[in-house]
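**Student:** Mind looking over this structure? Questions follow.
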């Protein structure tokens, strides 16, 4: 099986790939929402959810895919209370043929992080 690594410019110095294509699938690393592409802080679960999904969209496009090809999403939330507001933003990105999804409430590595989202696409 052939493996292709996708590295976005803003993550080139990090110790992981933005995504890896293997066996017809694209495995996208977790996108964080508390920092935008210019390094500015993003606050609030709605804004952080949008930031995560927009970053994920850019990675998928760089890999020659799109959000419409996502088959599985994993959402990591810092607080269970944020689930309804995250879900309102999320459903705008996946309106048709929604992917399978798991949402976990977990501690994230930075207190400013309210959400992290990863996905698998074809």
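Values in this text are rule-based calculations from the coordinates and carry no lab data. Please read all numbers here as calculations on a predicted model, not as lab measurements. So basically every Cβ, Gly included, is an ideal-geometry build from the backbone, and we count neighbours across all protein chains shown.
**Student:** If residue 51 satisfies every condition in (1) within 10 Å of the chain's Cα centre (by Cα); (2) within 18 Å of residue 109 (Cβ to Cβ); (3) touching a residue at least 40 places away in the same chain (Cβ under 8 Å) but one, which is the exception?
**Tutor:** Every listed condition holds for residue 51 apart from (3).
**Student:** Now a separate question. Every residue in the range 78-106 that is out of contact with any strand residue (DSSP E or B) (no Cβ under 9 Å at 6 or more places or on another chain), over 24 Å from residue 25 (Cα atoms) and without any contact (Cβ under 8 Å) to a residue 40 or more places away in the chain, please.
**Tutor:** Once the filter is applied, which keeps residues that are out of contact with any strand residue (DSSP E or B) (no Cβ under 9 Å at 6 or more places or on another chain), over 24 Å from residue 25 (Cα atoms) and without any contact (Cβ under 8 Å) to a residue 40 or more places away in the chain, the range 78-106 yields 81, 84.
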